[in-house]
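What follows draws every value from the coordinates through simple rules; no lab data is involved. From a predicted model like this one, the values you see are computed outputs, not experimental measurements. Cβ: placed from backbone, ideal geometry, glycine included. Neighbour counts: every protein chain shown.
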Amino acid sequence: MQTPVPRRTFLRQATLASAACAGIQFLAPRVFGANNRLRLGVMGVNGRGSDLVGGFTRLADAEIAYVCDVDERAIAKGVKAAGGADRPAPKTTRDFRHILEDRDVDALVVAAPDHWHGPATILACAAGKHVYVEKPACHNPHEGELMIAAARKFNRVVQVGTQRRSAPQIVEAIEKVRGGTIGRVLFARAWYTATRGSIGHGKPAPVPAWLDWELWQGPAPERPFRDNVVHYNWHWFWHWGTGELGNNGIHALDLCRWGLGVQFPRRITSGGGRYYFDDDQETPDTNVVTFDFGDKAISWEGRSCQRHGFEDSSFGAAFYGDQGTLVTDGSKYTLFDAQDKPAGTITGSGSDAPHLQNFLDCVRSGARPNADIEHGHKSTLLCHLGNIAWRVGRTVNCDPQTGHIVGDKGAAKLWQREYRKGWKPSV
Ligand SMILES: NC(=O)c1ccc[n+]([C@@H]2O[C@H](COP(=O)([O-])OP(=O)(O)OC[C@H]3O[C@@H](n4cnc5c(N)ncnc54)[C@H](O)[C@@H]3O)[C@@H](O)[C@H]2O)c1
């Protein structure tokens with residue numbers, strides 16, 4: 001069982017944290033209740049969040065205490081996903097701070113857009129909640145570092161939504177890569193391909209009656225509402241999103257970094273552009289990134305508007321050893337021997353359940369979860385560094401001990417962002 005932070009210490013720490021500026025009234029974490037289910041509040045339920053509501057509801061030892069969204073139509077989706085014969089109906093709110101103030105809630109699940117991941121996680125930890133936060137871990141590298149600090153300072157479990165970290169067949173694949181089955185592995189390739197359309201040219205528009213645009217923006221400096229951002233398209237604007245690298249690259253890059261056993265890169269190159277459509281999208285639709293770790297390397301290829309992938313899959317990671325190759329599409333893996341002949345395929349489920357269960361188990365035991373925020377930060381950092389190198393248009397060099405950008409003030413400026421008044425996170 002995670003030791004609750006003593007009330008007095010907790011209140012003092014919480015006051016020190018920027019959480020205070022968000023106007024949250026802090027309470028000590030609860031003692032688990034009679035049915036012993038962990039009680040979760042889910043923030044952002046339009047798409048992924050409703051999947052998580054359903055996923056946690058299907059587990060015996062969790063229940064959804066709150067469904068939270070700033071879009072009242074999305075709330076209805078989340079409530080529906082929480083429906084289950086033996087589960088009480090969740091409370092609903094548009095403001096996640098109500099969840100943080102409720103002493104009967106154990107954890108916050110963050111499936112709001114990327115610009116919320118860091119600030120909401122840090123506030124939640126300071127309020128005594130454990131956090132399941134969707135990938136990418138954060139919107140910029142500085143937030144990732146603060147999230148680790150918050151998790152450690154408040155002794156909270158923070159699991160990032162890179163769910164393949166808990167899939168048994170993927171764990172087995174990575175063990176094979178790391179255990180020498182394909183010999184010395186010095187290079188891994190990550191990729192994602194899709195056929196996304198144009199997001200067009202948005203125009204200023206009245207804020208829809210169903211949306212709290214103020215709270216959708218939250219920590220991001222305020223902008224007038226435009227009609228091609230909410231929902232989902234925010235992924236393609238640097239102000240809120242992290243592009244295809246942060247959206248899908250993170251999953252495959254996390255596998256590559258895990259398999260190669262590498263931490264921070266030394267040198268990053270990133271090429272490509274927004275080639276397919278003339279529209280408002282700021283992030284590239286065609287992107288090739290290389291990460292040099294000194295003695296090993298990873299490459300990422302993202303094609304958002306052309307589907308043909310590699311190895312018969314639109315998503316994957318491949319590990320190239322001197323005694324063979326291992327390829328995974330994220331749910332199965334195939335081995336190739338030293339003669340490059342197929343040597344067996346192991347299939348498995350793509351279910352999120354093991355990852356969600358691992359989170360609950362760690363909340364109870366206090367153990368570090370499979371996708372602890374430190375792993376999440378390091379893998380997400382690869383996405384940020386690829387984006388930064390693309391945005392500045394030159395090779396970026398990093399300190400391999402910390403991942404910090406060296407010798408480039410322009411690139412280093414993108415390590416963090418500006419915040420709206422009252423929302424700057426600190427720990
Ligand atoms: N792990 C995975 O496989 C996986 C899959 C899909 C999405 N994701 C991640 O989940 C997140 C959400 O993705 P999506 O596709 O559902 O996006 P989306 O835009 O469809 O939904 C985001 C929801 O968050 C809500 N929201 C915004 N601000 C909020 C706030 N302050 N409080 C409560 N709700 C708020 C929005 O109104 C919207 O309903 C993204 O970060 C994405 O990268 C992860």
I'd like the Karplus ³J(HN,Hα) series for the stretch 227-235: coefficients 6.51, -1.76, 1.60, θ = phi - 60°, whole numbers in Hz, and an x wherever there's a Gly or Pro. 8, 10, 10, 9, 9, 6, 5, 4, 3
Counting Lys and Arg as +1 and Asp and Glu as -1, each charge on the Cβ, what is the dipole of the stretch 178-301 about the Cα centre in debye, to the nearest 20? 660 debye
Counting only residues 5 or more places away or on other chains, whose amide H sits under 5 Å from the amide H of S426 once H atoms are built in the peptide plane? S18, A19
Just need log10 I(q)/I(0) for the stretch 52-128 at q = 0.14 Å⁻¹, Debye formula, equal scatterers on the alpha-carbon atoms, no solvent, rounded to two decimals. -0.44
In sequence order, what are the phi-derived ³J(HN,Hα) couplings for the stretch 61-68 according to the Karplus relation 6.51 cos²θ - 1.76 cosθ + 1.60 with θ = phi - 60°, rounded to whole Hz, with x for glycine and proline? 10, 9, 9, 8, 7, 9, 10, 10
When the chain is treated as a Gaussian network with springs between alpha carbons less than 10 Å apart, the largest mean-square fluctuation among G47, G144, G246 is found at G47
Could you work out the percent of alpha carbon pairs in the stretch 147-294 separated by over 22 Å, rounded to a whole number? 58 percent
Of N358, L100, G302, which is farthest along the charge dipole of the chain in the positive direction, counting Lys and Arg as +1 and Asp and Glu as -1 at C-beta? L100
Contour minus Cα-Cα distance for R152 and R178 (0.36 nm per residue): 6.6 nm
Test of understanding: extend the Cα→C-beta vector of A76 to 7 Å, then name every residue of the stretch 205-229 with backbone N under 17 Å from that spot. 208-212
Just to check I understand the Karplus step: with θ = phi - 60° and J = 6.51 cos²θ - 1.76 cosθ + 1.60, what whole-Hz values come out for the stretch 142-147, glycine and proline as x? 4, 4, x, 5, 5, 5
Among K203, K413, K135, K176, what is the fewest-to-most ranking by other Cβ atoms within 10 Å? K203, K413, K176, K135
How many nm separate the modelled label positions at A367 and R103, each set 7 Å beyond the Cα in the direction of the Cβ? 3.1 nm
Between R58 and E282, what is the label-to-label distance in nm when each label sits 7 Å out along the Cα-to-Cβ direction? 3.7 nm
Could you name the lysines in cross-link range of K91, using Cα to Cα under 23 Å and dropping any fewer than eight places away on the same chain? K77, K80, K129
Average projected area [Cα convex hull, the stretch 285-342], square nanometres: 4.7 nm²
Rounded D (µm²/s) - the chain, Kirkwood Rh over Cα pairs, Stokes-Einstein at 10 °C, 1.306 mPa s: 72 µm²/s
Quick numbers on the stretch 330-398, Rg and Dmax over C-alpha atoms in Å, give 18.3, 47
Nearest 10 degrees is fine. How inclined is helix 7-16 to the longest principal axis of the chain, computing both from alpha carbons? 70 degrees
Calculate for the chain the 222 nm mean residue ellipticity that helices alone would give, adding -39,500 (n - 2.57) per DSSP H run of length 4 or more and normalising by residue count, nearest 500 deg cm²/dmol. -9000 deg cm²/dmol
Expressed in nm to one decimal, what extension gain is obtained for the pair A205 and L186 from 0.36 nm per residue of sequence separation less their Cα-Cα distance? 1.7 nm
For the stretch 229-317, go through all pairs of different Cα atoms, get the mean of 1/r, take its inverse, and jot down that Kirkwood value in Å. 14.1 Å
In degrees rounded to 10, the 0-90 angle between helix 353-365 Cα long axis and the longest Cα principal axis of the chain is 60 degrees
Angle, helix 373-392 long axis vs. longest principal axis of the chain, Cα atoms, 0 to 90°, nearest 10? 70 degrees
Under 5 Å, built H, 5+ apart or other chain: amide partners of G316: W191
The stretch 227-248 versus the stretch 187-208: alpha-carbon centroid distance in Å: 6 Å
Evaluated at 10 °C with a viscosity of 1.306 mPa s, what Stokes-Einstein diffusion coefficient in µm²/s does the stretch 278-427 have when Rh comes from the Kirkwood expression over alpha-carbon pairs? 83 µm²/s
If you average the alpha carbon positions of the stretch 132-166 and of the stretch 291-354, how far apart do those two centres end up, in angstrom? 25 Å
